[in-house]
Structure formats: C-alpha cells, structure tokens
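The values are calculated or read from the model by the stated rules, or taken from the named source; none is laboratory data. All figures in this text were calculated on a predicted structure; none of them were measured in a lab. Please note: Cβ atoms are built from the backbone with ideal geometry, for glycine as well, and neighbour counts cover all protein chains shown. Accessible surface is based on the protein model in full, side chains and every heavy atom, while ligands, DNA and RNA are left aside. Shrake-Rupley method; radii C 1.70, N 1.55, O 1.52, S 1.80 Å.
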Amino acid sequence: VLAGSMWEAAPVRVLEGRFFDWMQRLYTGGEPAPVVLVAIDAESLAVKGDWPWPRAVVAGMIEYLNDSDARLIGLYPLFAAREPNPGLEEIRNLRREIDGFPLDDVAYFDEILHRIEERSDGDRRLAMALDQAPRAVLPLRFSFSDQYPGKGPDSPEFAPLWRRNSLAWELNSHNWQTSLQMLANPLAGGREKIPAASGAVAPLSELMVRDSWLGHINRVPDPDGRIRFEHLMTRLGDRLYPSFALQMAAAWHDIPPMGWQLNEGEDGAAKILLGSGQIPVDRGFRLPISYGRSDGGFTRYSFSRVAQGRVPAENFHDQAVLIGVTAPEAASVYATPLGEKLSGVEIAAHTMVDLMSPQQLSRPGWTFYVELVFMLQLGIFLALVIPRVRPLPGLLLMTGFLALWFGLAAGLLVTNGFWLKTATPTLLVVAGLAMIHLRQLITGSPRDYEDLKLLGLSLQGQGMLDLALDKFRKCPVTDPSVRELLYNLGLDFERKRMFNKAEAVYAHILKGGKFRDTKQRLANLRSGDQTVVLGGGGAGRVAPAENSTRPTLGRYEIVREIGHGAMGIVYLGNDPTINRQVAIKTLQYETIDPNVLEDVKSRFFREAKAAGKLNHPNIVTIFDAGEEHDMAYFAMEYLDGTDLSAYCREDNLLPVARVLELAAQIADALDYAHVNEVVHRDVKPANIMLMANGSIKMTDFGIARLLLNTSHTQTGMLLGTPNYMSPEQVAGKKVDGRSDLFSLGIVMYELLTGSKPFQGDSIASLTYNITKGNHIPLDKAAPEKLPACCLEIVEKLLAKAPSRRFRSAGQTAKKMRQCLEEIG
C-alpha cells in the first residue's frame with residue numbers, strides 16, 4: 001500500500017481521487033471571484049442556430065463587452081483557420097477585375113466594394129474587436145502525437161508571440177533546478193511530469209493582435225476519466241507554456257505574459273509567483289481544481305440574453321469575461337469530481353476563480369511526511385496489536401484512528417485548503433483487517449447450506465445471477481441438489497449470452513462428478529461448433545444452435561435474425577407469455593462511442609416511449625422496450641409485407657389511384673404522429689410497409705433522431721437519408737412536421753415516375769439540388785399522363801419553403817382523397 005501511494009499506481013490514484021471528490025464537497029473556497037462566463041449554451045443555439053456561428057456574431061459580443069468596460073476578455077473557442085466566405089472572395093475578385101478600367105466612376109465603385117468587403121470580413125471584424133479590448137487572451141491547443149496539424153513555435157510568423165508567451169525550460173534559479181531534480185524522487189512529493197507536447201495549433205494570425213496573451217486549453221484527465229487538476233504548464237521543445245486560465249489570471253493582475261516566476265517554496269513544494277500572490281502546485285505544475293464553491297464562484301450569462309440586451313452592461317464592468325461554448329451538443333464535455341459533466345470553458349472558469357482567490361487547494365510538501373508517519377503507525381498497530389485483541393475491539397480501534405484522520409483532513413481542507421490523502425490509510429486498514437481475519441473467514445463455523453441455497457434462488461429469481469452464483473459456490477458441489485441449482489443457473493447464463501460465466505458454472509459442476517449433459521454443453525461452448533450468432537462484435541460469443549435453451553432478450557426468445565435496421569440487427573422473437581411473434585430491434589452498445597453512450601441510451605428509451613404512445617392503424621405498434629448488459633432493444637409488431645422500394649422502379653409502378661390511396665394513408669399516419677408531437681425525420685420507401693391486406697404501416701419513428709449521437713453519425717455528416725431530406729433538414733435547422741411532408745412528396749414522385757426528383761454525383765451536389773435546384777416537372781418525368789390534381793399535390797409538397805407546403809399532414813390527406821374522387 002505504501003509503494004502504491006508513493007509511486008501513485010493507477011488503482012490507488014483512482015481510489016484516492018474518489019475519496020478526494022467526496023471530501024471536496026466540504027470546501028467552499030470563500031468569496032466569489034470577479035469572473036463572468038458568457039456561455040454559448042443550448043438556449044443560445046436555439047436562438048442563433050448551430051455552432052459555429054459567423055465570427056461577426058462573436059465580434060459583436062466582444063465589442064459590446066468593450067463598451068461595457070470589461071477589464072479582461074478571454075476568447076475560448078480556437079479559430080485556427082479563416083472563416084469560409086465565398087461572397088467575400090467574389091467581392092475581392094471583382095475588385096481585382098475592375099482595377100484599371102478607364103472609367104471615371106471606377107474609383108467610387110471600388111470604394112463601395114471596399115466598404116462592403118470590410119463589413120463582410122468576419123475575421124477582420126473579430127480581430128478589430130480584440131484589438132480594442134483592454135486585454136485579450138486567446139486559446140492554444142497542443143498535440144501529443146508524432147504527427148500534429150498546425151504550425152510549431154519556430155514558424156516565422158508566430159515565433160515572437162510564442163516566445164513572449166513561454167518560459168525557458170532550464171533556468172538559472174538554483175531552487176528551480178533543485179525542483180526539477182526532485183521530479184524523479186517519490187519522497188519529494190510526487191512523480192507527476194510536466195506534459196510534453198509534439199506540436200500545437202495556434203489561432204489565426206490576424207487575431208493575435210496587440211501582444212495578445214496565449215494559453216493552452218488542453219485537458220488531461222485522471223485514470224478514471226475525471227478532470228481534477230489544471231496543468232498550468234505544458235512543455236514544447238525547450239520552453240514551458242501556460243494554461244489559458246493561468247494567462248487570464250496574469251492578465252487580470254496586469255502582468256505581461258510570462259511576467260511571473262517559478263520557484264520552490266519554503267516547504268519544498270513548487271510555487272508560481274503571480275504578482276504578490278503565490279500559487280502552490282505540485283512537481284508537474286498541477287493545481288487541484290475546486291468545484292465545490294456555490295454557483296462555481298463565478299457569474300454565468302447566456303450569450304443570447306446578453307446579445308439581446310437583457311443583461312445590464314454594468315454587470316461586466318471591471319470583470320474578467322470568458323466567452324465559450326458550453327452546450328453539450330457543440331462542445332467537448334468532461335467528467336468532474338462532483339458528478340456533472342462540464343465543458344472546457346466552464347472548467348477554465350473554475351480554475352480562474354481558484355487562481356484569483358487568496359487560497360487554493362494544495363498539497364504542501366510536509367503533507368507527504370505526515371501521511372507517511374500515520375501510515376507507519378497504522379501498520380505497527382495492524383501487525384503487533386490487532387492480532388492480539390478480539391475482533392470487535394480491534395475494529396473499533398482502527399475505526400477510531402481513521403475517524404481522527406478524516407477529521408484532521410476535513411479540518412485542514414475547510415480552513416486552509418490543504419489536501420491530505422484519506423483513501424490510502426483506509427485501504428491499508430481494510431486490507432490489514434482482511435488478512436488478519438482470513439483464517440477465520442476460511443475455517444469458520446459450518447454454514448447453513450439450506451439458507452445459502454434459498455438466498456441464491458431468491459437472487460436468481462431477481463435476475464442477480466452473479467450474486468446467486470456466489471452463494472451456490474459456498475455450498476458443497478458434491479451435493480446433487482446443489483448441482484441441480486448450478487445447472488439451472490448455467491442455463492440462465494446461456495440465455496443472457498454470458499457464455500464465459502456459463503462455462504465457469506459447468507466446469508464447477510463437473511468438479512463434483514458427471515451431471516446430465518453438462519459435459520456436452522461445456523464442450524459446445526468451448527468449441528463454438530454449430531452455432532448461431534446473436535449480436536455482433538463484443539457480444540461476439542455465440543449460443544449453440546442445438547441447445548434446448550434459446551437466447552433471450554428480456555422475456556423474448558430469439559428465433560432467428562430477419563434483417564438489419566437503422567440501429568442494428570433485427571430479430572424475429574417470440575413472447576412466450578402469450579405466444580406472439582414480435583420483431584425485436586436492437587441497439588448494440590459496442591457500436592457507440594463510450595463518451596456518448598449514456599446520452600444515447602437515454603435518447604433510445606425516450607424515443608421508444610414516444611413511439612410507443614402512437615396507436616394508429618398505419619403506424620407499427622411498439623410493445624415493449626428493455627436493456628440487457630450489452631444492448632438495448634424494443635419489441636414491435638411483426639409485419640407481414642414488403643416495403644415500397646419495390647414499387648419505385650419504372651418497370652413496376654403502381655397505378656396513379658393506388659399511389660394516391662397509399663399516400664393518403666401515409667399522410668394520415670404522419671398527421672396522427674405530428675399531433676402527438678412526434679416528427680418522423682426519415683420518411684422513405686424503405687420505412688413504409690405495404691401489408692398483405694393492402695394497408696400501409698410506417699416504421700422507425702424517432703430512429704433518425706436517436707442516431708444523431710451514435711458512432712454511426714460522425715460530426716458534419718447528414719442525419720437521415722439524403723435523397724429524401726427536406727431543405728431545412730439539409731441545412732441543419734430545426735424541423736417540424738412539414739419536413740416529413742417534403743419527404744412524402746419525394747416518395748410520391750418516385751412512386752409515380754420510378755426516379756428521384758433530386759439527385760447528385762456527391763453529397764454536396766445532392767444537398768445543393770435539394771436546397772436550391774429545380775427538379776424535372778412531374779408531368780415530364782412520369783411515363784404516363786397524370787391528373788392535374790395529382791401534379792398540384794406533389795409540387796406543393798416539394799416546395800422549398802415550409803410555409804408554401806400544406807399546413808398539416810391531415811390537410812394533405814384530405815386533398816389526396818379529393819383528387820381520388822376527381823379521377824373516379
């Protein structure tokens with residue numbers, strides 16, 4: 001335990017971090033700091049659209065803050081490339097073309113174009129706004145791989161600014177050299193190393209005006225993924241670069257970039273001398289971040305509210321203002337000690353509050369020696385005293401020691417911000433007591449096996465198979481009744497596709513002798529012969545086809561695979577309770593980015609719940625939804641039919657009247673869903689089933705929205721099937737039921753002509769045609785003459801502007817049935 005603590009082994013470090021998370025709730029940290037966060041949050045995105053916005057919008061905010069006499073502005077988003085602006089490029093090309101024309105008014109016309117060019121250049125406006133700010137801090141992102149994008153510190157255009165914002169790695173200070181030597185000595189207070197980067201991405205050169213401050217925005221999580229420390233220094237080459245939060249604090253104190261010192265304090269810990277204050281850090285220049293202050297210790301306003309003038313300008317007077325993206329859908333979020341996920345700019349705000357406060361969380365050099373003495377004391381008592389006393393007094397004695405230590409740690413944390421380790425002493429006490437009483441645990445009094453069996457059966461009935469196995473293992477395996485219980489438990493493990501555990505159960509049964517077909521089942525599981533796959537990849541173990549036990553999902557027995565859906569594999573299942581066939585659609589967790597898994601699961605059950613409320617003859621019925629250990633699923637009505645894709649070929653078109661009849665049913669289903677506030681978002685022939693009785697069933701309501709956060713949809717990709725998307729859907733705008741009507745128009749066009757109205761050689765050309773292009777008129781594309789009312793319906797559905805389409809799907813269905821009556 002001492003070795004793990006001194007060398008900070010990952011398991012000990014994780015455990016210590018979790019204990020510190022709990023203790024940190026006691027630390028409030030004093031008065032709030034003059035820090036204001038202008039958050040580009042979900043409310044702002046709803047008002048101004050998806051991020052990134054035009055840079056002129058950000059520039060406008062900085063101009064407003066300048067007028068409000070903000071003392072300091074930190075721009076957290078990293079703008080490393082020029083803003084794409086085709087219109088601006090065209091204006092510049094036009095100015096070049098008219099240069100030299102022998103006309104008297106060319107100069108006047110060129111001046112007009114010049115003014116338009118200046119107003120259209122978002123980068124220039126943003127640079128001018130930053131130039132007018134009293135102080136501005138810009139972000140810098142380091143790369144830690146061998147290959148990195150962007151320019152390094154030796155680039156001629158950036159070298160002076162980079163050098164001005166960095167500090168030489170080797171200094172002449174004797175104290176600092178001593179600190180560097182102590183990095184490798186665990187007894188000196190830690191083994192943390194300063195992160196070494198291989199390259200960096202800098203802001204756009206035009207933005208780095210008036211000797212801007214630069215600070216890195218990299219986040220380095222602990223082994224358990226939580227952000228507990230701010231790395232105030234990162235090394236690139238032979239120089240040290242400060243973090244964004246540290247540069248903000250320096251700018252607040254009006255200290256030029258790197259105008260402060262690094263030194264070793266009197267207690268042997270490293271210090272950053274910032275003005276008249278000292279920032280205590282460890283050997284890797286890490287500062288523990290305090291998340292426990294009320295409201296974070298800073299003020300937060302929504303970007304949209306500030307832009308609308310709903311926040312008084314005096315609220316920003318003489319404040320350090322941060323501008324950054326906090327909306328989870330537009331920013332990277334990180335796990336924090338208090339359980340919530342925060343964006344990078346929010347963590348920077350917390351760090352700024354710490355740096356600008358008179359007291360920070362820290363581990364002074366003497367804490368290591370206090371902890372070492374206490375650990376040795378615990379070890380002596382565990383080795384010499386506890387074995388000689390009865391268990392209860394020994395337990396009370398060690399609990400008393402720990403209670404005193406926890407009280408001391410809590411007191412120092414609350415009053416001085418000093419962090420003493422509490423997990424390591426606790427681990428030592430628990431491990432020591434466990435080893436002392438190990439013989440009693442092994443050779444204790446005979447157990448009441450009947451109670452264990454009953455408890456195991458109860459746990460098995462509640463689905464807690466691992467706990468049931470633990471109870472059964474404590475019973476003698478030579479007992480036939482115990483082997484019977486274990487055999488049934490093995491079958492349950494097989495049904496749940498926990499094949500490794502089923503193997504372990506069968507192997508344990510055979511230790512007591514032959515039993516039923518246990519040996520054959522074990523051989524089948526190990527060989528994998530004659531198998532059917534359930535799931536892919538990680539669930540990638542297989543269930544023997546010849547077994548009498550079918551795999552299950554919830555209460556449903558899996559019969560066979562019948563296809564692949566938008567989310568994953570689709571199975572034919574059987575509900576044994578009422579002997580009903582169902583289709584089971586699965587969402588396999590292994591295909592999802594772990595960082596968004598919890599959000600996707602939440603969306604899955606929310607969308608399943610919304611779709612489950614839809615009860616309409618033209619919408620597939622959702623019966624149930626559930627979750628297994630490696631996938632989520634929902635059971636739905638099993639459909640006996642074929643989708644409309646088969647009738648979208650020119651050689652297999654349906655009669656016009658039949659198309660109108662089917663389209664009216666589709667519109668009925670969409671109208672019912674829209675009234676119940678559910679938008680399909682992926683209306684296409686493959687999601688419309690034509691049943692044997694001639695009716696329509698629509699499937700996959702809500703699935704398009706669910707796929708937004710899974711690994712199937714990468715950043716920048718379109719959501720849905722591109723050929724059937726509405727212009728507003730292509731543009732990434734918020735959609736309503738009228739988007740589904742546009743998709744319905746495309747489906748009708750394809751059913752009547754055998755071709756799609758909007759096509760393209762690439763996604764770019766396709767999306768352009770959808771948003772800007774004209775389709776071939778329906779009367780020219782159709783192989784036969786179509787009724788005028790039918791042409792009118794399709795053209796109205798395919799209107800680019802939502803306001804020009806039908807008001808609702810119900811109105812669309814009514815119009816289609818009127819057309820049916822007209823054509824007899």
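Figures for the structure shown
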{"quantity": "Count of residues meeting criterion [farther than 19 Å from Ala70 by Cβ and in contact with a Phe, Trp or Tyr (Cβ under 7 Å, 6 or more places away or on another chain)] in the range 42-51", "calculated": "1"}
{"quantity": "Count - residues of the range 626-645 that are farther than 17 Å from Asn693 by Cα and part of a helix (DSSP H, G or I)", "calculated": "1"}
{"quantity": "Enumerated helices (runs of 4 or more DSSP H) restricted to the range 343-453, each holding at least 1 residues that are modelled with pLDDT under 90 and of a type in the set (Val, Ile, Thr)", "calculated": "366-380, 391-416, 423-436, 438-442"}
{"quantity": "Strands (runs of 3 or more DSSP E) contained in the range 525-582 and holding at least 1 residues modelled with pLDDT under 80", "calculated": "531-533, 542-544, 556-564"}
{"quantity": "Thr621 vs. criteria open to solvent by 40 Å² or more (accessible area, probe 1.4 Å), more than 28 Å from Ser755 (Cβ to Cβ) and of a type in the set (Val, Ile, Thr)", "calculated": "yes"}
{"quantity": "Pairs where the first residue, in the range 636-662, is within 21 Å of Ala611 (Cβ to Cβ) and in contact (Cβ under 8 Å) with a residue 24 or more places away in the chain and the second is assigned to a helix (DSSP H, G or I) and open to solvent by less than 60 Å² (accessible area, probe 1.4 Å), C-beta under 8 Å, 6+ apart", "calculated": "Asp643/Pro685; Asp643/Ala686; Asp643/Asn687; Leu644/Leu662; Leu644/Pro685; Leu644/Ala686; Leu644/Val747; Leu644/Leu751"}
{"quantity": "Members of the range 272-288 found to be modelled with pLDDT of 85 or more, under 14 Å from Pro358 (Cα atoms) and assigned to a loop (DSSP other than H, G, I, E, B), listed by number", "calculated": "none"}
{"quantity": "Qualifying residue in the range 259-267 (condition: under 29 Å from Ala70 (Cα atoms), open to solvent by 30 Å² or more (accessible area, probe 1.4 Å) and modelled with pLDDT under 80)", "calculated": "yes"}
{"quantity": "Test: residue in the range 714-725 that is under 28 Å from Pro328 (Cβ atoms), modelled with pLDDT of 90 or more and crowded, with 17+ Cβ neighbours inside 10 Å", "calculated": "yes"}
{"quantity": "Flag for His616 being assigned to a loop (DSSP other than H, G, I, E, B), open to solvent by less than 10 Å² (accessible area, probe 1.4 Å), at pLDDT 85 or above and under 22 Å from Leu744 (Cβ atoms)", "calculated": "no"}
{"quantity": "Residues (aliphatic (A, V, I, L, M) and either crowded, with 23+ Cβ neighbours inside 10 Å or within 21 Å of Leu26 (Cβ to Cβ) (or both)) located in the range 285-324", "calculated": "Leu287, Ile289, Val306, Ala320, Val321, Leu322"}
{"quantity": "Hits in the range 9-30 (condition: outside any helix (DSSP H, G or I) and open to solvent by 50 Å² or more (accessible area, probe 1.4 Å))", "calculated": "Arg25, Leu26, Thr28, Gly30"}
{"quantity": "Criterion (surrounded by 23 or more Cβ atoms within 10 Å (Cβ to Cβ) and assigned to a loop (DSSP other than H, G, I, E, B)) met by exactly one of Ala39, Ala81, Ala33", "calculated": "Ala33"}
{"quantity": "Positions within the range 203-241 being open to solvent by 10 Å² or more (accessible area, probe 1.4 Å), of a type in the set (Gly, Ala, Ser) and under 14 Å from Trp162 (Cα atoms), in sequence order", "calculated": "Ser205, Gly237"}
{"quantity": "Total residues in the range 766-783, condition open to solvent by less than 40 Å² (accessible area, probe 1.4 Å) and within 34 Å of the chain's Cα centre (by Cα)", "calculated": "3"}
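Residues checked against (1) among the small types (Gly, Ala, Ser); (2) open to solvent by less than 60 Å² (accessible area, probe 1.4 Å); (3) over 38 Å from the mean Cα position of the chain (by Cα); (4) over 27 Å from Thr28 (Cα atoms):
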{"position": "Val373", "(1), (2), (3), (4)": "no, no, yes, yes"}
{"position": "Gln377", "(1), (2), (3), (4)": "no, no, yes, yes"}
{"position": "Gly394", "(1), (2), (3), (4)": "yes, yes, yes, yes"}
{"position": "Ala431", "(1), (2), (3), (4)": "yes, yes, no, yes"}
{"position": "Phe472", "(1), (2), (3), (4)": "no, yes, yes, yes"}
